[in-house]
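Asker: Here's a structure for you.
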Amino acid sequence: MGFGGRAPSGSRVEPWPGITGGNGMSWLTNFVRPTLRRWISPRVLREAQWVTCPKCGATVFHRDLDANWRICPHCDHHLTLSAARRFDLLLDAESWARIEIPGAPADPLKFRDARRYGERLKEAAAQSREAEAVAVAHGRIDGRGAVIAAFEPHFLCGTAGAAAGEAVVAAAELAVLQDAPLLVVTGSQGPRIPDGAFALLQLPRVILALRKVAERNLPLIVVLADPAFDPISEALLQQADVVLAEPEARLGPPPADPFAPMDTPAFLAPRGGVVGAAAARRRGRIDRIADRRDIKAEIAAILDILCRPFPSATILAYPGQETKLIDAAPDA
Amino acid sequence: MLFLDFEDSVAALEAELAELRHGGGGGEEEARLKARIDRQLDALYGRLTPWQTVQVARHPERPGAREVIRVLGRGLIELAGDRAEGDDPLVAGGIARIKDHGVVLIGHDRAEDGAPRPAASGLRKTARLLRLAERFRLPAVLIAAAAPAAEDAGPALRACLETALDLRVPLVSVATGALAGPAAALSVCADAPLMLQHACLSVVTPEAAAALWPEGGDAARTLSAAADSLHLTAAALLAQGVIDAVIAEPRGGAHREPFAAAREIGAALLARLETLRHVDGGLLRARRRERLAAFGRAAAAP
């Protein structure tokens with residue numbers, strides 16, 4: 001059926017919804033306004049944005065920035081990257097799928113500061129288009145299966161609450177299930193205060209889940225992306241087999257206001273206890289510093305070595321040598 | 001090229017050769033000179049005294065562990081940090097491929113000035129890399145151009161040795177420089193401890209051992225006597241059964257052709273790894289422990 005005013009007789013289809021019934025006002029409210037909205041907002045408005053680099057102050061059209069994986073084309077500063085784009089960056093195209101995170105208790109304390117926490121959650125979900133602060137996907141990195149948990153720094157500043165912990169635990173369990181390496185990308189300003197004790201207890205949960213990954217000898221690779229101010233990221237850095245850091249990524253204790261806006265110069269101002277990637281490397285916390293665009297290749301090279309062990313024993317005695325064992329490997 | 005004090009004759013010939021080349025060079029004359037230099041080097045390096053060996057092993061242009069590692073490992077991915085408090089620049093490490101097999105490479109370097117440095121962090125880094133090798137079933141290779149100073153690092157050294165002794169993957173070590181002090185034991189804990197021809201390994205430096213000689217003697221002679229008595233050369237250690245094999249160096253020592261020396265090391269390592277990688281991990285560990293248990297036992301028959 002074509003589009004137009006002349007519908008076949010007898011049809012109940014109204015070709016111009018809103019035109020036929022009521023007065024002129026309803027035509028305006030029912031038809032014109034939604035159409036305009038559809039044209040302009042929210043996509044068009046969001047797209048008409050210019051982003052100011054917090055480091056060099058250059059103004060970059062957001063599409064150019066996005067095409068460059070949110071690395072400032074003028075000063076190479078790495079701005080925070082969303083979890084969805086992170087999956088695009090790290091995983092082979094069309095090889096990956098997100099996994100559904102089992103629901104965590106939302107707003108268990110009915111928390112309210114200047115605003116209702118529930119309201120904040122809804123707004124964050126609308127703005128970041130993520131359900132919570134950690135997203136999980138499984139897919140392939142240069143053909144090798146992997147599970148990635150990525151913090152979404154634009155969902156309430158990536159603050160880690162019950163849902164974030166649940167997502168990291170789910171990712172670890174999936175890695176064990178698939179016998180695949182686990183990658184975690186940080187990006188959190190601190191613990192999710194409104195989750196109360198539920199936020200507090202995510203750290204031990206994550207530690208337990210990571211232990212299962214370690215027991216299966218699955219590689220845990222952590223990508224330190226700015227910022228890593230929450231205790232879960234801290235534990236991940238400690239436990240990781242290899243830590244790759246983006247240049248200028250920072251780790252340290254959470255700021256006083258973990259919901260303070262990111263990507264502003266104030267956000268980059270030095271703060272006590274916070275160290276950058278270069279200093280963290282000197283202090284033995286991280287292995288390598290790599291440009292965001294090179295990280296996938298580095299991870300692929302590392303996994304290529306760690307995941308292809310030499311074949312297990314084929315000869316159970318020393319060639320050409322008679323050995324008298326005094327310690328027959330009691331716990332072998 | 002820095003010439004050692006027993007290389008005066010070579011230095012003179014080299015100067016002559018440089019002059020000849022500067023003046024345009026005569027093909028035949030140059031070849032004749034080169035042959036003389038080679039003969040001279042063969043003669044000198046064929047009968048190095050232990051103290052001369054120490055000097056060669058400490059030669060500043062001798063290839064460092066980091067350089068050797070970079071030659072050995074295709075696509076080396078360096079890993080940094082001890083995950084506790086620092087990253088020791090004198091300990092290089094990472095994962096790489098040798099002949100299609102992943103390996104963990106660890107290098108212990110000497111400080112530029114030869115002065116001892118706090119080494120606890122470096123030993124922790126070593127232990128961490130060894131644990132990585134164990135976890136992912138990768139053979140570990142230790143290139144020791146020096147032994148980390150262990151005076152301040154007792155606990156770290158103990159933990160590192162324990163990790164090395166617990167490994168159920170092959171551990172191959174190559175001592176390439178002058179190793180002295182407690183941390184030198186790490187090289188000997190390997191399944192296959194190898195040594196470069198002019199490397200040396202001893203419980204203390206000859207300088208420290210010289211304190212046992214009466215004071216007031218000729219310093220140079222005391223040092224020479226101390227080095228003699230320590231039996232620290234590769235040949236002596238091979239005879240004692242401390243090491244497994246000696247890797248020949250290019251003519252005139254590894255510092256004259258660092259790249260060729262690194263390739264020699266690579267070939268020796270590969271041969272060992274090819275054998276060891278087929279051996280069951282528990283057996284490897286048991287045999288490593290057994291070999292050590294034999295040292296110092298009264299009935300230890302060669």
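The values are calculated or read from the model by the stated rules, or taken from the named source; none is laboratory data. Just so you know, these numbers come straight off a predicted model, no measurement behind them. Neighbour counts are summed over all protein chains in view; Cβ atoms, including those assigned to glycine, are modelled from backbone coordinates with ideal geometry.
Let's see how each residue does on (1) outside any loop (DSSP other than H, G, I, E, B); (2) of a type in the set (Phe, Trp, Tyr); (3) at pLDDT 85 or above:
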site: B:20; (1), (2), (3): yes, no, no
site: B:24; (1), (2), (3): no, no, no
site: B:31; (1), (2), (3): yes, no, no
site: B:48; (1), (2), (3): no, no, yes
site: B:62; (1), (2), (3): no, no, yes
site: B:76; (1), (2), (3): yes, no, yes
site: B:81; (1), (2), (3): no, no, yes
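Asker: Away from chain B (no Cβ under 14 Å) and under 23 Å from residue B:78 (Cα atoms), is that true of residue A:183?
Answerer: Values: away from chain B (no Cβ under 14 Å): yes; under 23 Å from residue B:78 (Cα atoms): yes.
For residue A:183, the condition - away from chain B (no Cβ under 14 Å) and under 23 Å from residue B:78 (Cα atoms) - is met.
Asker: A further question on this structure: Scan the stretch B:23-49 and report the pairs whose first residue is aliphatic (A, V, I, L, M) and whose second residue is not in a helix (DSSP H, G or I), with Cβ atoms within less than 6 Å and a gap of 6+ or a chain change.
Answerer: B:41/B:251; B:41/B:252
Asker: Every residue in the stretch B:71-87 that is more than 7 Å from chain A (Cβ to nearest Cβ) and small (Gly, Ala, Ser), please.
Answerer: Selection gives B:73 alone.
Asker: Testing residue B:263 on (1) crowded, with 16+ Cβ neighbours inside 10 Å; (2) part of a helix (DSSP H, G or I), one condition comes back false. Which one is that?
Answerer: Status for residue B:263: all satisfied but (1).
Asker: If you don't mind, another one. Identify, please: which residue in the stretch A:223-233 is closer than 25 Å to residue A:54 by Cα and of a type outside the set (S, T, N, Q) and is, among those, nearest to the other protein chains (Cβ to nearest Cβ)? Even if it seems obvious, please write down each step before you answer.
Answerer: Let us first name the residues in the stretch A:223-233 that are closer than 25 Å to residue A:54 by Cα, namely A:223-230, A:233.
Within this subset, residues satisfying the condition of being of a type outside the set (S, T, N, Q) are A:223-230.
On the way: A:223: 15, A:224: 12, A:225: 18, A:226: 19, A:227: 20, A:228: 15, A:229: 19, A:230: 19 Å.
My answer is A:224.
Asker: Go through the stretch B:269-284 residue by residue and tally those that are crowded, with 20+ Cβ neighbours inside 10 Å, within 7 Å of chain A (Cβ to nearest Cβ) and within 23 Å of the chain's Cα centre (by Cα).
Answerer: Within the stretch B:269-284, residues that are crowded, with 20+ Cβ neighbours inside 10 Å, within 7 Å of chain A (Cβ to nearest Cβ) and within 23 Å of the chain's Cα centre (by Cα) number 1.
Asker: Sticking with this one: Counting only residues that are surrounded by fewer than 24 Cβ atoms within 10 Å (Cβ to Cβ) and of a type outside the set (A, V, I, L, M), which one in the stretch B:97-108 is farthest from the chain's Cα centre (by Cα)? Write out each step before concluding.
Answerer: Here is the first cut: in the stretch B:97-108, the residues surrounded by fewer than 24 Cβ atoms within 10 Å (Cβ to Cβ) are B:97-102.
Filter once more, so that each one left must be of a type outside the set (A, V, I, L, M): B:97, B:99-102.
Values: B:97: 21, B:99: 22, B:100: 25, B:101: 23, B:102: 22 Å.
So the residue we want is B:100.
Asker: Of everything in the stretch A:290-309 that's buried (at least 18 other Cβ atoms within 10 Å of the Cβ) and of a type in the set (A, V, I, L, M), which residue is farthest from the other protein chains (Cβ to nearest Cβ)?
Answerer: A:295
Asker: If you don't mind, there's one more thing I want to ask. If a residue has to be of a type in the set (Val, Ile, Thr), buried (at least 20 other Cβ atoms within 10 Å of the Cβ) and at pLDDT 90 or above to count, how many in the stretch A:96-137 make the cut? Talk me through it step by step, then tell me what you get.
Answerer: Our first condition is that a residue be of a type in the set (Val, Ile, Thr); within the stretch A:96-137, this holds for A:99, A:101, A:134, A:136.
Now restrict to residues that are buried (at least 20 other Cβ atoms within 10 Å of the Cβ): A:101, A:134, A:136.
This time we only want the ones that are at pLDDT 90 or above, so: A:134, A:136.
Number satisfying all stated conditions: 2.
Asker: How about the stretch B:88-99: which of its residues are more than 9 Å from chain A (Cβ to nearest Cβ) and in a loop (DSSP other than H, G, I, E, B)? Show your work before the answer.
Answerer: Step one: filter the stretch B:88-99 for residues more than 9 Å from chain A (Cβ to nearest Cβ), giving B:89-93, B:98-99.
The answer is B:89, B:90, B:99.
Asker: From the residues in the stretch A:193-225 that are crowded, with 17+ Cβ neighbours inside 10 Å and in contact with a Phe, Trp or Tyr (Cβ under 9 Å, 6 or more places away or on another chain), which one is nearest to residue A:262 (Cα to Cα)?
Answerer: Checked the stretch A:193-225; the qualifying residue nearest to residue A:262 (Cα to Cα) is A:225.
Asker: Using the structure shown, decide if residue B:232 is away from chain A (no Cβ under 14 Å), on the phi < 0 side of the Ramachandran plot, in contact (Cβ under 8 Å) with a residue 24 or more places away in the chain and touching a Cys at 6+ places or on another chain (Cβ under 7 Å).
Answerer: Numbers: away from chain A (no Cβ under 14 Å): yes; on the phi < 0 side of the Ramachandran plot: yes; in contact (Cβ under 8 Å) with a residue 24 or more places away in the chain: yes; touching a Cys at 6+ places or on another chain (Cβ under 7 Å): yes.
Against the criterion (away from chain A (no Cβ under 14 Å), on the phi < 0 side of the Ramachandran plot, in contact (Cβ under 8 Å) with a residue 24 or more places away in the chain and touching a Cys at 6+ places or on another chain (Cβ under 7 Å)), residue B:232 qualifies.
Asker: Are there any helices (runs of 4 or more DSSP H) wholly within the stretch A:212-324 with 3 or more residues that are at pLDDT below 85, and if so which?
Answerer: Details: elements: A:231-239, A:265-268, A:277-282, A:295-306.
Passing ranges, in order: A:265-268.
Asker: Next question, about the same structure. Restricting attention to the stretch A:138-180, which residues are in a loop (DSSP other than H, G, I, E, B), touching a residue at least 60 places away in the same chain (Cβ under 8 Å) and surrounded by fewer than 24 Cβ atoms within 10 Å (Cβ to Cβ)? Walk me through how you get there before you give the answer.
Answerer: Of the stretch A:138-180, the ones in a loop (DSSP other than H, G, I, E, B) are A:142-143, A:152-155, A:159, A:161, A:179-180.
Going one step further and asking which of them are touching a residue at least 60 places away in the same chain (Cβ under 8 Å), we end up with A:142, A:152-154, A:159.
Within the stretch A:138-180, A:142, A:154 qualify.
Asker: Conditions first: (1) modelled with pLDDT of 85 or more; (2) over 19 Å from residue B:180 (Cα atoms); (3) crowded, with 16+ Cβ neighbours inside 10 Å. Residue B:252 passes all but one, so which condition is the exception?
Answerer: Evaluating residue B:252 over (1) modelled with pLDDT of 85 or more; (2) over 19 Å from residue B:180 (Cα atoms); (3) crowded, with 16+ Cβ neighbours inside 10 Å leaves (1) as the failure.
Asker: When you scan the stretch A:116-142, how many residues do you find that are basic (Lys, Arg) and either closer than 18 Å to residue A:190 by Cβ or touching a Leu at 6+ places or on another chain (Cβ under 7 Å) (or both)?
Answerer: Within the stretch A:116-142, the first condition is being basic (Lys, Arg), and the residues that meet it are A:116, A:120, A:122, A:129, A:140.
Adding the requirement that they be either closer than 18 Å to residue A:190 by Cβ or touching a Leu at 6+ places or on another chain (Cβ under 7 Å) (or both) leaves A:120, A:140.
The qualifying residues number 2.
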